[in-house]
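Here the structure is laid out as structure tokens; the discussion comes afterwards.
The values are calculated or read from the model by the stated rules, or taken from the named source; none is laboratory data. Predicted model, so just to flag it, every value in this text is computed and none were measured. Neighbour counts run over all protein chains shown; Cβ positions are idealised from the backbone, glycine included.
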Amino acid sequence: MIKRIIPLLFLFVSGYTQTGTYANFQVNVFNNPYPANMFIHTMGAQSKYMAIIDSTLNPSWFINSGELGLDFKVNHNQLSYFKRIDQSWILLNEYMVEIDTLKCIGGYNADYHDMQVLSDGGYFLQAYDSILVDMSTIVTNGSPNATIHLLIIQEFDINHNLIFEWNAWNHLNISDYTNLNLTSNNITWMHGNSIEVDFDENIIISNRRSSEIIKIDRITGEVIWFLGGPNNEFLFLNDSLNGFRKQHDVRRIENGNITLFDNGNTHDTPLSRALEYEIDEDEKVVNLIWDFVQPDGYVALAMGSVQRLPNNNTLINWGTLNNRGAIITEVDYEKNIVLDIQFSQGNKCYKVRKNTWDFATNLLPGDTNLDNQINIYDLNYIVDYILFDQSDSDVFHLFRFDVNRDGIINSSDIDFLANQILVN
């Protein structure tokens, strides 16, 4: 095998150029933020990256992920991310090995906005269905042949058996959604962008399309309550904007409150906010007890996330901003900014999370044979992969083999690694 490498070394080192760096970001504030790794997926016109940025803001692990990586996060001691190519979710263990592929069944394709792995190994996925409906029997001037796009939720056990399915058509009344143009031939009814298992084991979903949060009985599928939107049942207190608009990332946190990212692009004066509501489900009252607005008044057109951290800080991803790159901000409970980083224009992030989870294997790009060193034997593995394997790229190979981080495992990686070996 070594004989195969020697001519390759002479063939490729002459064209060596230094590449393999992570996406540029600027540190605006770094003042004792919560000490944990940041799990982040950046995308845009430039290269897309899945990355783990450590507590010192060093990109300790990253790959040029291509069509992999949406909603990259820790999910009950595993990593999960969306694989757009076949619309599935991938689970990854602490050794960087992909251990499971999660898909919807019944002809549905999994959606990338959110998925949750449960403590028992089960999981929730979201999907969409399109149905033909005679809307003329439902609303005045409705189309007799309307296409309705609606949300499906599927729950599976650890063995991939479907144990619960929720179909919006069976449990909601589309005629209640007077905020939509129900006379159209093509109606996008729902846009589900988060799913959360509540303390009582029922589920909470976010429907961005109508600025509403819906709590659903996990046994019957019946709606328990609507918060926000055309079906709102709650009185909003201490909220000058009287609720949220086009929200993302609705979560029940440890103190029983609900946090979310209010994109706010349809408020009378557009404004994005991180919000924490105290909710009384019996009296149907929500009280805004904490919020954060960026001093420059950011407005996130899409995406965005909020995470309440163990030290009571809040991590905010500001989503898609006009004329700005992705911006990640962490604030303490007194609303002091303790972390603020900004990626170059053209980058954006769907969701960002902090977690103390870490890999249990070395983080040496190019250590293809896992012997904790980089030498000529590692080149052999790359050559064999190029000549004989060429399977769909997974996270392990993109980290170990794509050493120049161009998103492709090919001869340029041999060039890059060979020069690294010669220099060292």
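Details
- The set of residues in region 61-78 that are under 21 Å from residue 47 (Cα atoms) and in a strand (DSSP E or B) comprises 61, 62, 63, 64, 68, 69, 70, 71, 72, 73.
- If the condition is being over 18 Å from residue 272 (Cβ atoms) and either assigned to a loop (DSSP other than H, G, I, E, B) or within 23 Å of the chain's Cα centre (by Cα) (or both), then region 230-246 contributes 230, 231, 232, 233, 234, 238.
- All of 43, 50 fail the test of being in contact with a His (Cβ under 8 Å, 6 or more places away or on another chain) and surrounded by 16 or more Cβ atoms within 10 Å (Cβ to Cβ), apart from 50.
- Count of region 358-368 residues, restricted to those that are in contact with a Lys or Arg (Cβ under 9 Å, 6 or more places away or on another chain) and either touching a residue at least 60 places away in the same chain (Cβ under 8 Å) or exposed (fewer than 15 other Cβ atoms within 10 Å of the Cβ) (or both), is 1.
- Extreme residue, surrounded by the most Cβ atoms within 10 Å (Cβ to Cβ), among residues of region 392-420 that are farther than 16 Å from residue 381 by Cβ, of a type outside the set (A, V, I, L, M) and under 25 Å from the mean Cα position of the chain (by Cα): 405
- Test: residue 23 is outside any strand (DSSP E or B), within 22 Å of residue 408 (Cβ to Cβ) and outside the structural domain of residue 400 (by TED's automatic domain parsing): yes
- Hits in region 36-60 - residues which are over 16 Å from the mean Cα position of the chain (by Cα) and within 20 Å of residue 330 (Cβ to Cβ): 36, 54, 55, 56, 57, 58, 59, 60
- Of all residues in region 289-303, those satisfying the criterion of being part of a strand (DSSP E or B) and either within 17 Å of the chain's Cα centre (by Cα) or of a type in the set (Phe, Trp, Tyr) (or both) are 290, 292, 300, 301, 302.
- Scanning region 98-109 for residues that are in a strand (DSSP E or B) and of a type in the set (A, V, I, L, M, F, W, C) yields a total of 2.
- Screening 206, 240, 210, 272 for residues that are in contact with an Asp or Glu (Cβ under 7 Å, 6 or more places away or on another chain) and within 26 Å of residue 322 (Cα to Cα) leaves exactly one candidate, 272.
- Count of residues meeting criterion [closer than 27 Å to residue 181 by Cβ, aliphatic (A, V, I, L, M) and within 21 Å of the chain's Cα centre (by Cα)] in region 102-149: 1
- Which numbered condition residue 80 misses (of (1) modelled with pLDDT of 95 or more; (2) closer than 30 Å to residue 335 by Cα; (3) of a type in the set (S, T, N, Q)): (2)
- Screening region 295-312 for residues that are over 19 Å from residue 250 (Cβ atoms) and touching a strand residue (DSSP E or B) at 6+ places or on another chain (Cβ under 8 Å) and picking the one that is surrounded by the fewest Cβ atoms within 10 Å (Cβ to Cβ) gives 299.
- For the residues 286, 383, 306, 352, the requirement of being outside any loop (DSSP other than H, G, I, E, B) and at pLDDT below 95 singles out 383.
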